[in-house]
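K.L.:
Encoded as structure tokens, here's the structure I'll be asking about.
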Amino acid sequence: MNTIHPSAIIAKNVQMGEGNEIGPGCVIEGPAVIGSHNRLWMHVYVGPGTTIGDHNQIHMGAVIGHLPQDVAFSGAPSATTIGHRNVIREYVTIHRGTKADSATVIGDDNFLMANAHVAHNCRVGSRTTFANLATLAGYCVVEDEALLSGMVVIHQLTRIGRLAMVSGLSAVNKDVPPFMLCGGRPAVIQGLNVVGMRRAGISAPARAEIKQAYQLLYRAGRNVPHALEAIARECASPEVRGLVEFVRASQRGICAGASTREGGEEESLLPRKRALRPQPITTEVR
């Protein structure tokens with residue numbers, strides 16, 4: 001049995017499972033499909049063409065499946081698909097696809113904090129974290145277990161690899177390979193997400209190969225094709241094979257490595273190392 005507040009407005013062509021809680025002022029336009037055991041807090045909007053799985057929590061003021069913010073949108077029917085066990089906090093906006101029969105897709109067990117935005121036709125995997133105000137432009141891809149910190153902005157058509165972590169206030173306009181730490185304006189690769197890999201249960205031998213692949217790709221002075229050839233020869237773990245496939249499939253190119261030159265032009269969120277200058281010794285005569 002569903003619990004629906006009297007002030008909620010639900011279209012007749014909405015299919016709904018069992019055990020849902022629909023709070024005050026919610027609006028669900030049809031056609032839409034709502035699974036079972038979801039909780040929609042007050043004033044949640046669900047647009048037509050939306051499918052929501054089971055055991056999701058959608059908090060106050062969230063907007064799911066509304067019209068895309070795209071001047072090319074012609075009003076064609078499109079979709080938004082949300083998986084299971086997601087936590088979607090206050091005022092998150094997730095817009096539906098912009099072309100006919102296209103979709104914005106979000107997987108399972110994701111945590112989208114307040115005011116995060118997922119634009120039209122994005123594809124978000126599972127077990128990702130979007131901190132407050134993290135923003136995806138259209139057609140972005142965020143793979144499983146990636147983490148976007150607060151106020152991160154991702155350029156359209158950009159991909160964020162598995163277990164990548166982007167630091168707060170970053171602007172990302174190139175693909176971020178899996179397992180990398182990334183940050184800055186524009187964002188650059190600053191290292192490996194070692195803690196995240198351990199927490200995800202990646203084995204020590206695989207982590208060692210990922211580190212070797214990182215060194216070949218970002219620290220050995222090779223161009224990307226030569227680095228990928230070397231990685232493919234020297235590393236055999238599934239994780240590294242996935243990293244190589246990700247880079248080879250890149251259409252926008254991958255983020256550069258952090259500058260090692262003093263006074264490099266890249267803006268980084270990490271503090272710059274500056275040489276300490278000896279201070280003159282003065283003797284005060286009284």
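The values are calculated or read from the model by the stated rules, or taken from the named source; none is laboratory data. Being a predicted model, the structure only gives us computed values, none of them experimental. We place every Cβ from the backbone using ideal geometry, glycine too, and count neighbours over all the protein chains shown.
K.L.:
With respect to THR158, is the statement that it is modelled with pLDDT under 95 and either buried (at least 22 other Cβ atoms within 10 Å of the Cβ) or of a type in the set (Val, Ile, Thr) (or both) true?
P.N.:
On the way: modelled with pLDDT under 95: no; either buried (at least 22 other Cβ atoms within 10 Å of the Cβ) or of a type in the set (Val, Ile, Thr) (or both): yes.
No, not satisfied.
K.L.:
Need the failing condition index for GLY107 against (1) of a type in the set (Gly, Ala, Ser); (2) within 24 Å of LYS12 (Cα to Cα); (3) in contact with a Lys or Arg (Cβ under 9 Å, 6 or more places away or on another chain), just the number.
P.N.:
(2)
K.L.:
Right, something else. Looking at the stretch 33-44, which of its residues are crowded, with 20+ Cβ neighbours inside 10 Å and farther than 14 Å from ASN2 by Cβ? If you could, list the steps in order and put the result at the bottom.
P.N.:
Within the stretch 33-44, the subset crowded, with 20+ Cβ neighbours inside 10 Å is 34-35, 38, 40-41, 44.
Within the stretch 33-44, TRP41, VAL44 meet the criteria.
K.L.:
Separate question: Looking at the structure I just gave you, is GLY191 closer than 18 Å to ALA146 by Cα and under 17 Å from the mean Cα position of the chain (by Cα)?
P.N.:
no
K.L.:
Could you please tell me which pairs satisfy a Cβ distance under 9 Å, a separation of 6+ or placement on different chains, a first residue in the stretch 7-33 that is on the phi > 0 side of the Ramachandran plot, and a second residue that is charged (D, E, K, R) and in a loop (DSSP other than H, G, I, E, B)?
P.N.:
From the stretch 7-33, the pairs are GLY19/ASP54.
K.L.:
Mind listing whichever residues of the stretch 84-120 are among the aliphatic types (A, V, I, L, M) and either surrounded by fewer than 24 Cβ atoms within 10 Å (Cβ to Cβ) or part of a loop (DSSP other than H, G, I, E, B) (or both)?
P.N.:
Going through the stretch 84-120, the residues among the aliphatic types (A, V, I, L, M) turn out to be 87-88, 92, 94, 100, 103, 105-106, 112-114, 116, 118-119.
Within the stretch 84-120, VAL87, VAL92, ALA100, ALA103, VAL105, MET113, ALA114, ALA116, ALA119 qualify.
K.L.:
Which condition number in (1) touching a residue at least 12 places away in the same chain (Cβ under 8 Å); (2) within 20 Å of ALA146 (Cα to Cα) is the one that LEU216 fails?
P.N.:
Answer for LEU216: the failing condition is (2).
K.L.:
In the stretch 21-83, which strands (runs of 3 or more DSSP E) lie fully inside it and hold 3 or more residues that are under 18 Å from ASP109 (Cβ atoms)?
P.N.:
On the way: elements: 32-34, 50-52, 63-66, 79-82.
Hits in the stretch 21-83: 79-82.
K.L.:
Can you run down the residue pairs with Cβ atoms below 9 Å, 6 or more apart or on separate chains, where the first is in the stretch 137-152 and touching a residue at least 24 places away in the same chain (Cβ under 8 Å) and over 17 Å from MET197 (Cβ atoms) and the partner is among the charged types (D, E, K, R) and surrounded by fewer than 20 Cβ atoms within 10 Å (Cβ to Cβ)?
P.N.:
Matching pairs, first to second residue: GLY138/ASP70.
K.L.:
Take the residues in the stretch 162-178 that are buried (at least 20 other Cβ atoms within 10 Å of the Cβ) and in contact with a strand residue (DSSP E or B) (Cβ under 6 Å, 6 or more places away or on another chain), then tell me which one is nearest to LEU228 (Cα to Cα).
P.N.:
PRO177
K.L.:
Quick check on my filter: what residues within the stretch 121-131 are surrounded by fewer than 21 Cβ atoms within 10 Å (Cβ to Cβ) and on the phi > 0 side of the Ramachandran plot?
P.N.:
Listed by number, the list holds a single entry, ARG127.
K.L.:
Here are some residues: GLY221, GLY201. Which one is free of Cβ contacts under 8 Å to residues at least 40 places away in the same chain, farther than 17 Å from SER250 by Cα and over 25 Å from the mean Cα position of the chain (by Cα)? Even if it seems obvious, please write down each step before you answer.
P.N.:
Numbers: GLY201 fails: over 25 Å from the mean Cα position of the chain (by Cα).
When all the criteria are applied, what remains is GLY221.
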